[in-house]
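*Asks:* First the structure, which I've put down as structure tokens, then a few questions once you've had a look.
The values are calculated or read from the model by the stated rules, or taken from the named source; none is laboratory data. In this text, all values refer to a predicted model and were calculated from it rather than measured experimentally. Here the Cβ is made from the backbone with ideal geometry for all residues, glycine too, and neighbour counts use every protein chain on show. The area values use the complete protein model at the heavy-atom level, side chains included, leaving out ligands, DNA and RNA. Shrake-Rupley method; radii C 1.70, N 1.55, O 1.52, S 1.80 Å.
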Amino acid sequence: MNLQDIEAFVAVAETGSVNRAAARLNLTQPATTRRIQNFEAAIGDAPLFNRAVKPAVLTTLGNHVLEHCRKVLTAVAELESCTTNAADPAGDLKAGIAHGLGEIVLTTPLDALRRTFPRIRLQISSNWSAGLIEDVRNGSLDCAIGLLTDAHTLPPGLTGVALGAEQVVIVGPAKLSAKRRDDRYRLRDLSGQGWFLNPPGCGCRAALIKFFDRLHLPIHVAAEVFGEDLQLSLLAQSGGLGLVPRRQFEQSPHRRALRILDVMDFSLPAVVTLIRNVAPGRFDPAIALLTDELKAKLA
């Protein structure tokens with residue numbers, strides 16, 4: 001057996017699909033299938049996948065072999081990281097950034113990475129945090145920076161490095177009157193307001209709706225607007241309520257026309273998190289630098 005066949009087996013096992021594994025390995029689907037066939041033949045044609053179900057799942061033996069294959073790939077990656085060239089990695093580093101975090105990441109942290117590792121070509125994409133987790137899991141991304149709440153979980157094989165705490169807050173017009181003398185609200189006070197929220201897929205939007213559902217309260221979504229910057233602009237002009245990371249609100253040019261509402265029965269803490277594979281990889285020095293730069297930026 002050879003290392004490429006092992007990589008193909010692990011990719012299919014982790015992504016659950018030959019097509020997704022092929023994309024992860026930058027191969028065609030037939031080439032990936034041939035590598036799986038070669039690997040199964042090398043270990044004596046023992047059944048590693050139960051192909052009677054769709055999609056195919058690992059057999060008990062397949063799960064056992066997968067554990068050993070991961071150890072082999074980890075050992076090889078660690079060996080490569082000891083070489084001189086590992087200190088100066090080259091190639092396409094694919095990184096994902098959660099919507100709303102672009103202003104934090106796409107500035108000095110990436111500038112520092114480009115200066116330190118000039119042989120790396122950055123490929124940046126944006127997605128919801130849940131989508132970023134899946135993209136790192138299936139190999140479409142080398143790492144991602146997400147805004148994770150308690151609703152997000154990382155699957156086996158991935159790890160998260162906390163970069164900085166964030167609080168997602170409810171904002172409204174500066175002149176919005178409170179129904180209580182102490183200027184504090186409950187969600188019940190806000191259920192009749194129009195909300196400017198991200199489209200479905202946003203984890204923070206889903207969390208807010210869950211808060212309303214638990215209290216059996218209706219929520220009126222006045223507009224589904226992609227991007228918190230645009231939402232804040234619209235709120236400043238027309239009123240209504242929005243949900244944004246506190247850091248983004250404090251840096252917004254519209255903050256003087258808006259204010260953060262003190263809502264007693266709502267709290268949505270989040271953590272800006274770098275998501276990556278547990279196994280070492282050739283871009284480890286670059287990802288480590290990016291981690292340090294982001295921690296400093298968020299401090």
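*Asks:* For segment 44-57, how many residues meet the condition of being under 32 Å from the mean Cα position of the chain (by Cα) and open to solvent by less than 90 Å² (accessible area, probe 1.4 Å)?
*Replies:* Qualifying residue count, segment 44-57: 7.
*Asks:* Then there's this: Of everything in segment 151-161, what is modelled with pLDDT under 95 and in contact with a Ser or Thr (Cβ under 7 Å, 6 or more places away or on another chain)? Give them in sequence order.
*Replies:* His152
*Asks:* Has segment 176-186 got at least one residue that is of a type outside the set (D, E, K, R), under 30 Å from Ala257 (Cα atoms) and assigned to a strand (DSSP E or B)? Write out each step before concluding.
*Replies:* In the first step, residues of segment 176-186 are kept if they are of a type outside the set (D, E, K, R); the result is 176-178, 185.
Retained after the next criterion (residues that are under 30 Å from Ala257 (Cα atoms)): 176-178, 185.
Now narrow it down to the ones that are assigned to a strand (DSSP E or B): 185.
The answer is yes, given that some residue of segment 176-186 is of a type outside the set (D, E, K, R), under 30 Å from Ala257 (Cα atoms) and assigned to a strand (DSSP E or B).
*Asks:* Then there is this: Please tell me if Ser191 is more than 30 Å from Thr291 (Cβ to Cβ) and at pLDDT below 90.
*Replies:* yes
*Asks:* Got at least one residue in segment 230-246 being hydroxyl-bearing (Ser, Thr, Tyr) and over 23 Å from Ala207 (Cα atoms)?
*Replies:* yes
*Asks:* Could you grab me the full set of residues in segment 211-226 that are out of contact with any Gly (no Cβ under 8 Å at 6 or more places or on another chain), in contact (Cβ under 8 Å) with a residue 12 or more places away in the chain and either of a type in the set (A, V, I, L, M) or open to solvent by 30 Å² or more (accessible area, probe 1.4 Å) (or both)?
*Replies:* Residues of segment 211-226 out of contact with any Gly (no Cβ under 8 Å at 6 or more places or on another chain): 211-219, 224-226.
From what is left, the residues that are in contact (Cβ under 8 Å) with a residue 12 or more places away in the chain are 211-212, 215, 217-219, 224-226.
Across segment 211-226, the qualifying residues are Phe211, Leu215, Leu217, Pro218, Ile219, Glu224, Val225, Phe226.
*Asks:* Given segment 20-134, what helices (runs of 4 or more DSSP H) lie entirely inside it while holding 2 or more residues that are at pLDDT 90 or above?
*Replies:* Where helices (runs of 4 or more DSSP H) fall fully within segment 20-134 and carry at least 2 residues being at pLDDT 90 or above, they are 29-42, 60-81, 108-116.
*Asks:* Scanning for something touching a helix residue (DSSP H, G or I) at 6+ places or on another chain (Cβ under 9 Å), surrounded by fewer than 17 Cβ atoms within 10 Å (Cβ to Cβ) and not aromatic (Phe, Trp, Tyr), does segment 238-249 turn up at least one residue?
*Replies:* No, every residue in segment 238-249 fails to be touching a helix residue (DSSP H, G or I) at 6+ places or on another chain (Cβ under 9 Å), surrounded by fewer than 17 Cβ atoms within 10 Å (Cβ to Cβ) and not aromatic (Phe, Trp, Tyr).
*Asks:* If you don't mind, another one. Just one of the numbered conditions (1) touching a Gly at 6+ places or on another chain (Cβ under 8 Å); (2) surrounded by fewer than 20 Cβ atoms within 10 Å (Cβ to Cβ); (3) over 30 Å from Leu294 (Cα atoms) is not true of Ala41; which one?
*Replies:* All conditions are met except number (1).
*Asks:* Output yes when any residue across segment 6-19 is more than 30 Å from Gln251 (Cβ to Cβ), open to solvent by 40 Å² or more (accessible area, probe 1.4 Å) and outside any helix (DSSP H, G or I), and no when none is.
*Replies:* no
*Asks:* Only one of these conditions is not met by Lys175: (1) farther than 21 Å from Gln251 by Cβ; (2) surrounded by 13 or more Cβ atoms within 10 Å (Cβ to Cβ). Which number is it?
*Replies:* Condition (2) is where Lys175 drops out.
*Asks:* Give me the pairs: first residue in segment 107-119 and free of Cβ contacts under 8 Å to residues at least 40 places away in the same chain and more than 16 Å from Leu274 (Cα to Cα), second residue hydrophobic (A, V, I, L, M, F, W, C) and open to solvent by 10 Å² or more (accessible area, probe 1.4 Å), beta-carbon distance under 8 Å, and six or more apart or on different chains, which are they?
*Replies:* Arg114/Ile120; Arg114/Leu122; Arg119/Ala90
*Asks:* Residues in segment 265-280: is at least one surrounded by 16 or more Cβ atoms within 10 Å (Cβ to Cβ) and in a helix (DSSP H, G or I)?
*Replies:* no
Let's see how each residue does on (1) among the charged types (D, E, K, R); (2) open to solvent by 60 Å² or more (accessible area, probe 1.4 Å):
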position: Thr59; (1), (2): no, no
position: Gly62; (1), (2): no, no
position: Pro89; (1), (2): no, no
position: Pro109; (1), (2): no, no
position: Arg114; (1), (2): yes, yes
position: Pro118; (1), (2): no, yes
position: Gln123; (1), (2): no, yes
position: Ser140; (1), (2): no, no
position: Ile145; (1), (2): no, no
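*Asks:* Return a yes/no flag: does segment 151-166 have any residue that is over 30 Å from Pro280 (Cβ atoms) and surrounded by fewer than 18 Cβ atoms within 10 Å (Cβ to Cβ).
*Replies:* no
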